[in-house]
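Right, one structure below, let's go through it.
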Amino acid sequence: MKKTILGAAVVLAAAGLPGIASAASTAIATTNVNLRAGPSTAYPAVNVVAAGDDVRVFGCLSNRSWCDVAYGRQRGWMSSNYLAYVEAGRRYTGPRVVTRIGAPTISFSVGNYWDNHYRGRSFYRDRARWDRDDRREWRQERREDRREARQDRREDRREWRQDRRDAERGDRFEDRRDRRDRDEVIRRY
């Protein structure tokens, strides 16, 4: 019984794979536009999509502002403002393209996406800088490092002040001893 259910699940999954693979739709770049390594102009450009060239749309963010696309053999993110779709002689542009082509809503994570698509790129080694979670950890570590450095400086200042006080006390003690010795010498004579 378990083998039958497992076999049926495998068949259904295999049947679903071609549908998933073909779920990506084609759109057209409206102008020369940078293909980015993430859904923002802050991410590095990985290529330039030429005006009029086709891109394959795999999905878009929930606000429809950025879409994960393939341009040739490269993968990256494009602003939906630079996408167009022609259907029955009518041209759709911008975020309306996302609705028209039925692009699924997806999310973005630097780690997995960059591991799969940019491992050989020069900017890959700096991926922690781009990863939101890694950036949070990095900022937290930086804050802690600064906090520790401030604490160390405070302790150094305290030690320096204490050393100075001790030196002043020692000097005063020496001065008193010198005065006593001088007074004693004067008394003897």
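The values are calculated or read from the model by the stated rules, or taken from the named source; none is laboratory data. What you see is a predicted model; the values in this text were computed from it and never measured. So basically every Cβ, Gly included, is an ideal-geometry build from the backbone, and we count neighbours across all protein chains shown.
Things to note:
- Residue check, Arg96 outside any loop (DSSP other than H, G, I, E, B), at pLDDT below 90, surrounded by fewer than 18 Cβ atoms within 10 Å (Cβ to Cβ) and not β-branched (Val, Ile, Thr): yes
To keep it simple, each residue is scored yes or no on (1) farther than 21 Å from Val49 by Cβ; (2) over 17 Å from the mean Cα position of the chain (by Cα).
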| residue | (1), (2) |
| --- | --- |
| Ser79 | no, yes |
| Val86 | no, yes |
| Gly89 | yes, yes |
| Asn112 | yes, no |
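- Boolean, Asn116 is in a helix (DSSP H, G or I), touching a Lys or Arg at 6+ places or on another chain (Cβ under 9 Å) and under 26 Å from Ile28 (Cβ atoms): yes
- Restricting segment 84-93 to residues that are part of a strand (DSSP E or B) and not hydrophobic (A, V, I, L, M, F, W, C) leaves a set whose member that is modelled with the highest pLDDT is Tyr85.
- Matching residues in segment 74-126 - criterion: being among the β-branched types (Val, Ile, Thr) and more than 24 Å from Ala42 (Cα to Cα): Val86, Thr99, Ile101
Results for (1) outside any helix (DSSP H, G or I); (2) assigned by TED's automatic domain parsing to the domain that holds Ala29; (3) in contact (Cβ under 8 Å) with a residue 40 or more places away in the chain; (4) in contact with a Leu (Cβ under 7 Å, 6 or more places away or on another chain), shown as yes or no for each residue.
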{"site": "Gly59", "(1), (2), (3), (4)": "yes, yes, yes, no"}
{"site": "Gly76", "(1), (2), (3), (4)": "yes, yes, yes, yes"}
{"site": "Arg100", "(1), (2), (3), (4)": "no, yes, no, no"}
{"site": "Arg139", "(1), (2), (3), (4)": "no, no, no, no"}
{"site": "Ala149", "(1), (2), (3), (4)": "no, no, no, no"}
{"site": "Arg157", "(1), (2), (3), (4)": "no, no, no, no"}
{"site": "Arg165", "(1), (2), (3), (4)": "no, no, no, no"}
{"site": "Arg172", "(1), (2), (3), (4)": "no, no, no, no"}
{"site": "Arg176", "(1), (2), (3), (4)": "no, no, no, no"}
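- Every condition in (1) closer than 21 Å to Asn34 by Cα; (2) charged (D, E, K, R); (3) within 18 Å of the chain's Cα centre (by Cα) holds for Arg142 except the one numbered (1).
- If only residues of segment 129-179 that are modelled with pLDDT of 75 or more and hydrophobic (A, V, I, L, M, F, W, C) are counted, the one that is nearest to Ser109 (Cα to Cα) is Ala149.
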